[in-house]
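> Dropping the structure in here first, questions after.
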Amino acid sequence: MYAFQFERATDAQAAVAKLKADGDAKFLAGGQSLLAAMKLRLASPSMLVDVARIPGMADIKVQGDAVVIGAAARHADVAANAEVMRRIPGLASLALGIGDRQVRAMGTLGGSLANDDPAADYPAAVLALNATVVTDRREIPADSFFKGLYETALAPDELITAVRFPVPDQSGYVKFRNPASRFALVGVMVARSGKTVRVAVTGAADSVFRAPALEQALTASFTPAAARAVKVDASGLNADLHASPEYRAHLIPVLASRAVEQALKG
Ligand SMILES: Cc1cc2nc3c(=O)[nH]c(=O)nc-3n(C[C@H](O)[C@H](O)[C@H](O)COP(=O)(O)OP(=O)(O)OC[C@H]3O[C@@H](n4cnc5c(N)ncnc54)[C@H](O)[C@@H]3O)c2cc1C
């Protein structure tokens, strides 16, 4: 590790001002991705601005027909929150499946979304649940947030403060995980709200994406069999030492059908 400055922000505006003043500064939340990148010299910020202890930014609240989760909420806190478990059980079970105990104790929702790892779990929840990413300056709909490999709609000095998740009628998330890191080789989130079904897939491509064929099939019949009958084209899917594009394509409807089973159990 090399020398850098460290500041602990007391509010969102102060944190953003630090980044505006120093173009090489970065926000630090749980450090589970950023510190590893720094150790590998893939990132070399001049200053880290700690945003994990900004008062109120880890709160989890019910607001109308949505659950609003602060960007600094740790994965373990989301997994164990009674309102999340009761209202969006698919999201609670997703958070419980992230990494190991230490990663869940440190990693945050905002850090995961800003990092936008192609195999991360939360992007699937944000997209399938049609959530809104709230920042210090605007609100970004899920469909406009994820832009590509490790790329989001955020400006370099833009701070995610919270994410607003509308409560669906039913939701489920199932991933086929890398046994070492527990990142998703493929992960599928399904959410049904009235007659609308949204399906988001992570781990399979450069970035999370919606699966229109699965959405159509599950809108017609919200059953595991309907998901399993969908054929997914392997072109454009990731190939690595863990899985071929064809294997990932095979997994998508299989995991979608299991996510529907989970959603139907409630
Ligand atoms: C061993 C291991 C296993 C893991 N397994 C999984 C897994 O199974 N599934 C999974 O999804 N993830 C997994 N992760 C990643 C983990 O979820 C991280 O917590 C997450 O990617 C980053 O969150 P963080 O709070 O640690 O962010 P940090 O590492 O602190 O920051 C990451 C990036 O986000 C930026 N940032 C942080 N907070 C904000 C904010 N509020 N607004 C804007 N930018 C911000 C930082 O500047 C940085 O660029 C794993 C990590 C490790 C080390």
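The values are calculated or read from the model by the stated rules, or taken from the named source; none is laboratory data. Since the model is a prediction, treat every value here as computed from it, not as a measurement. Methodologically, a virtual Cβ is constructed for each residue, glycine included, from the backbone with ideal geometry; neighbour enumeration extends over all protein chains shown. In case anyone asks, the SASA skips ligands and DNA or RNA and just uses the protein heavy atoms, side chains included. Shrake-Rupley method; radii C 1.70, N 1.55, O 1.52, S 1.80 Å.
> Once you list every other residue whose beta carbon is under 11 Å from the beta carbon of Leu185, what net charge do they have if Lys and Arg are +1 and Asp and Glu are -1?
Counting the neighbours of Leu185, the net charge comes to +3.
> Sticking with this one: Where only protein heavy atoms count, and the probe is 1.4 Å, what is the accessible area per residue for the chain in Å²?
Using a 1.4 Å probe on heavy atoms only, each residue of the chain averages 45 Å².
> Per residue and in Å³, how big is the convex hull formed by the alpha-carbon atoms of the chain?
118
> Here is a further query. Accessible surface of Asp65 in the full protein assembly, 1.4 angstrom probe, to the nearest 10 Å²?
120
> Please grab the % of Cα pairs in the range 30-74 that end up more than 13 Å from each other.
65
> Give me the distance between the Cα centres of the range 45-123 and the range 129-193, rounded to whole Å.
Centre-to-centre (Cα) distance: 11 Å.
> Oh, and also: For a quick check: with amide H placed at 1.01 Å from N, whose amide H comes under 5 Å from Ala229's, ignoring anything fewer than 5 positions away on the same chain?
Distant-sequence amide H within range of Ala229: zero hits.
> Please work out how much accessible surface Val126 shows to a 1.4 Å probe, ignoring ligands, DNA and RNA, in Å² rounded to 10.
Its accessible surface works out to 0 Å², give or take rounding.
> Once the cut-off is 16 Å, how many percent of the Cα-Cα pairs in the range 170-265 end up in the long-distance tail?
Beyond 16 Å sits 48 percent of the P(r) for the range 170-265.
> May I pose another question? Compare Leu255, Leu218, Leu96 in a GNM of the chain, Cα atoms joined below 10 Å, and give the one with the largest fluctuation.
Maximum among the listed residues: Leu96.
> Report the local net charge at Leu237: Lys and Arg +1, Asp and Glu -1, summed over other residues whose C-beta lies under 14 Å from its C-beta.
In short, -2.
> Another question about this same structure. Once both axes come from the Cα atoms, what is the angle between helix 245-265 and the longest principal axis of the chain, in degrees from 0 to 90, rounded to 10?
Approximately 80 degrees, to the nearest 10.
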